[in-house]
Amino acid sequence: MAKPKQNDLMDKLVSLCKRRGFVFQSSEIYGGLASCWDYGPLGVELKRNIKDFWWTGMTQKRDDIEGLDAAILMHPKVWQASGHIAGFTDPLVDCRTCKARFRADMLDEARCPKKPSRSPIENECDLTEPRMFNLMFKTFMGPVEEDSSVVYLRPETAQGIYVNFHNVLQPSRQKIPFGIAQIGKAFRNEITPGNFIFRTREFEQMEMQFFVHPSEDEEWYEYWKEQRWQFYLDLGIRKEKLRMHEHGPDELAHYAKKAIDVEYEYPFGWKELEGVHNRTDYDLAHHMEHSGKDLRYFDDQRKEKFIPYIIETSAGCDRTLLTVLVDAYREEEVKGEKRVLLSFSPKVAPIKVAVFPLVKKDGMPEIALDIYHDLKQQFKCFYDDSGAVGRRYRRQDEAGTPFCVTVDGQTKEDETVTLRNRDSMEQERVKIGELKKVVAEKVTL
Ligand code: GAP
């Protein structure tokens with residue numbers, strides 16, 4: 001299947017996302033709010049399926065990971081202890097001529113608004129000295145806006161897990177090594193958001209913190225690197241578009257001893273999709289110090305009390321969704337006409353099955369509606385009886401629907417329907433009574 005040229009792929013994707021109801025600009029009727037996006041009917045299904053795929057793999061299919069859903073607003077001391085107040089900063093520079101702001105460490109990727117074909121360096125912009133800018137969004141708790149009521153919107157979900165370490169440990173009766181998984185919103189006042197939903201100021205993370213004995217950190221780090229690589233292959237992402245990037249000493253975050261990024265080759269270059277970090281005992285040790293609470297773990301087999309090391313896997317949900325979209329986008333020519341399709345893995349496709357009557361007569365709509373009502377008890381389905389069947393197939397190809405069921409003249413004779421595969425466009429005849437089983441085999445997480 002042909003891929004469109006990389007440089008127009010993003011434009012085509014953004015336009016398809018709007019047209020088909022995947023992603024809209026936030027507050028569009030007011031001119032939009034920069035770098036904020038809303039998920040439409042197909043987008044929200046795709047996002048939920050990606051989250052379910054991650055969540056099922058982390059919690060349901062494993063015995064050693066528990067789930068959590070912590071509040072976005074946390075005690076401000078959390079961010080002192082975590083180092084975010086002091087160190088969660090990016091270097092910012094201003095251009096004295098065009099008045100634009102750039103991240104000083106990403107100047108080669110930035111574009112000068114006066115000459116968007118050039119970076120500020122190429123354009124020899126008149127830049128100020130860099131100054132550090134804290135990325136956390138501040139707000140006030142309660143009616144009075146004073147220093148003592150400042151709270152922050154969390155810039156990562158991880159801290160909610162660390163402060164709840166003992167709360168989860170006790171009722172779950174887990175023993176180290178074990179993990180805590182969480183999906184939730186995070187906020188960063190990014191200096192240069194962009195590339196559609198790649199870098200935004202409000203986004204969702206899927207994070208898992210795995211607590212281990214300090215002597216076993218290296219092996220668990222290697223283990224989770226492999227697991228996370230496999231996750232993207234299982235999600236249907238092409239292997240040749242993925243790579244691992246191990247952080248050098250100057251790239252490591254303030255909490256990390258070792259880190260790798262799983263990177264994807266987007267139309268705008270190789271970029272981070274997920275980070276796997278060896279956070280050592282940095283977080284628990286700092287929370288112990290700042291809260292005065294003992295967060296150590298007693299290992300009754302080793303007869304030893306210690307601060308666990310943490311191996312973190314941290315994926316962006318919106319970024320995974322963008323990756324799934326970019327990777328699935330195809331254009332091809334069929335009988336002289338262009339066909340656009342999103343060849344999502346059936347596991348995450350927003351609509352699993354579309355049901356059509358071939359024509360709106362001879363009892364076909366009634367049978368098709370019965371099938372639709374039955375299938376939708378188990379899968380997200382779509383019923384469509386308008387226009388030529390070829391056009392209905394195209395509409396579902398563009399929405400990424402892996403299967404279309406068509407009721408035709410033969411259905412009344414032998415109780416079979418056609419089941420069309422989105423990618424191959426091949427059709428097979430399937431007994432109505434077997435449809436659920438056939439589809440379930442392909443779409444189950
Ligand atoms: N708790 C560790 C942590 O937050 P990170 O590398 O800063 O690590 C993890 O972020 C993941 O969160 C990234 O790999 C990316 O997928 C996603 N992410 C981070 N900043 C983002 C942003 N501004 N917009 C969208 N996704 C973002």
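Below are the figures for this structure:
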quantity	calculated
Acute angle (nearest 10 degrees) that the helix 217-234 long axis makes with the longest principal axis of the chain, alpha-carbon atoms	20 degrees
Segment 351-443 shape via C-alpha gyration tensor axes, a/c threshold 1.5	rounded
Extension gain (nm, one decimal) between residue 213 and residue 226, 0.36 nm per residue minus Cα-Cα	2.7 nm
Cα→Cβ-extended label distance, 7 Å offset, between residue 71 and residue 360, nm	5.4 nm
Nearest-ten-degree value, helix 317-328 long axis tilted from longest Cα axis of the chain	40 degrees
Length added when fully stretched, residue 395-residue 150, from 0.36 nm per residue minus Cα-Cα	83.3 nm
Ellipticity estimate at 222 nm from DSSP helix runs (n ≥ 4, -39,500 (n - 2.57)) divided over the chain, nearest 500	-9000 deg cm²/dmol
Highest-first arrangement of 123-130, 38-45, 12-19, where packing means the average Cβ count within 10 Å	38-45, 12-19, 123-130
Residues residue 253 and residue 185, FRET efficiency given R0 of 25 Å [Cβ-Cβ distance, rounded to 0.05]	0.80
Options 196, 25, 139, ranked by Cα towards positive dipole end of the chain, top entry (Cβ charges)	25
The chain - percent relative contact order, Cα under 8 Å, separation 6 or more	14 percent
Highest average packing first - 163-172, 176-185, 136-145, Cβ atoms within 10 Å	176-185, 163-172, 136-145
Estimated inter-spin distance, residue 298 and residue 374, nm [label 7 Å along Cα→Cβ]	5.9 nm
Rough spin-label spacing in nm, given labels placed 7 Å along Cα→Cβ, for residue 166 and residue 413	7.5 nm
Förster radius 25 Å - calculated FRET efficiency between residue 426 and residue 333, Cβ distance, rounded to 0.05	0.90
Ranked packing of 65-78, 188-201, most packed first, by mean Cβ within 10 Å	188-201, 65-78
Diffusion constant of the chain at 20 °C, which comes from Stokes-Einstein with the Kirkwood Cα-pair radius and 1.002 mPa s, µm²/s	87 µm²/s
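Just so you know, all these numbers are worked out from the coordinates, no wet-lab data involved. Please read these numbers as outputs of a predicted model, since none were measured by experiment. Cβ atoms come from the backbone with ideal geometry, glycine included; neighbour counts cover every protein chain shown.
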